[in-house]
Structure formats: C-alpha cells, structure tokens
Amino acid sequence: MRLTRIVASAMAAFVMAGALATMTSSPAAAQPQPSYPPQPPVLTLSDATLVVGDDTTLFGRFYGPTEIVDITFTLLSVAAGAPERASVRQDTGATIAMVPVAYPAFPPLTATTNAQGEFQLTFSADWRGVWQIRGVGRESGVDATTQMTVVHRQLPVTGSSLGRQLGIGAGLLLLGVVLVMLTVVRRRRGGVRAGTA
C-alpha cells in the first residue's frame with residue numbers, strides 16, 4: 001500500500017510536470033502563420049516625380065524577414081518626350097552620326113527588412129531622367145520594381161521685369177516733353193522775361 005502511494009504520487013508529479021512543460025514550451029502554436037501563397041513584394045516611393053536634389057523615401061514590403069534587399073537604378077530615358085536621334089544633318093548638308101554620351105547613374109543601395117519583411121530607405125535624386133528602381137531580396141530572390149521621374153528645377157516666373165521700367169521711363173519722358181513745351185510756349189507769349197527779377 002505504501003508502494004502504491006509512492007508510485008501514484010510520482011505519476012501525478014510527472015503528469016503535472018508534463019502539463020506545465022507543454023503549456024510553457026509551445027509558443028509556436030500561439031504565433032500567427034504566414035499567409036499562403038505569399039504576397040509578391042511591393043516597392044513604392046513617397047514622391048515619384050522629383051526635382052534634382054530632392055530627397056525621397058523608398059518603401060518595400062513583403063520581402064523575407066531580416067533580409068538584405070539590393071536596390072539598383074536603371075535609366076529609362078534622359079528627358080521624357082525628347083526625340084532620340086541616330087544622326088543629324090549639318091548646315092552643309094552632310095549627315096553625321098550621334099554618339100551616345102555616358103550618363104551618371106545612381107549607385108546601388110542596400111536595405112535590411114524588419115521582422116515583417118518591410119524597409120524604408122531615404123535617398124537624394126541627383127540625376128534627371130526617368131529611372132526604374134529594382135529591389136531584389138538576397139535570400140528569397142523575390143524582386144519588385146517602381147519608377148521615378150527626376151526633372152530640372154524650374155526658375156520662378158516673375159513676369160516681365162522690363163515692362164514696368166519701360167512704362168515708368170516712357171511716362172517720365174512724356175512728362176519732360178510736356179514741361180519743355182510749356183516752358184517754350186510761356187517764353188513766346190512773354191510770360192518770362194530775361195533779366196527781370
């Protein structure tokens with residue numbers, strides 16, 4: 001009987017220890033499972049049309065958790081709407097070939113995602129043109145693209161600065177002509193005589 005109590009107490013202790021271990025050591029069951037199928041990665045910009053020298057932020061989502069993303073820039077066109085010419089005709093009538101000119105490029109960048117597979121990266125838009133931005137995850141191999149347009153800074157339009165000055169000058173010239181004419185007419189009528197005070 002004494003042995004039975006000892007065995008029953010030991011079994012109860014093992015059952016309690018097992019139950020306690022099961023409740024405390026299964027955090028995987030409480031974590032949310034990733035969606036299936038996984039969503040493709042997405043790249044977005046805080047502003048897709050920029051002026052040379054402006055900063056923008058690139059946002060990436062749906063990459064792997066704590067993954068390094070390689071970001072590259074590809075120039076699609078230097079100026080939107082500018083005709084591309086292979087040759088040009090000179091004044092003499094001769095035709096010469098146009099040679100492509102080397103154009104500066106954005107350096108490749110890297111970003112590291114957080115535990116949710118998201119990142120944000122701020123950079124300066126230093127070269128004009130239409131650019132394709134591509135982000136490729138190093139581990140997952142998934143990639144996404146977006147585009148940005150960088151334009152030259154426009155000078156502010158302040159109106160014609162000469163118009164106002166020309167108007168004032170013409171008005172003063174007209175006033176001077178009228179005053180000279182009045183003086184001449186007055187002298188001819190005898191209103192002003194020389195030598196009288």
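What is the sum of charges, Lys and Arg at +1 and Asp and Glu at -1, for the other residues whose Cβ falls under 14 Å from the Cβ of E139? Its environment carries a net charge of -2. A protection proxy built from the mean count of other Cβ atoms within 10 Å ranks the segments 66-76, 106-116, most packed first, as 66-76, 106-116. The protection proxy used here, the mean number of other Cβ atoms lying within 10 Å of each residue, ranks peptides 170-178, 43-51, 123-131 as follows, highest first: 123-131, 43-51, 170-178.
Phi angles of the stretch 118-127 translate, via the Karplus equation with coefficients 6.51, -1.76, 1.60 and θ = phi - 60°, into HN-Hα couplings of 10, 8, 9, 9, 9, 9, 9, 8, 9, 10 Hz per residue; Gly and Pro are given as x.
All of the numbers you see were taken from the coordinates with simple rules; none came from a lab. Computed from a predicted model, the values in this text were never measured in an experiment. Positions of Cβ are backbone-derived with ideal geometry, glycine not excepted, and every protein chain shown enters the neighbour counts.
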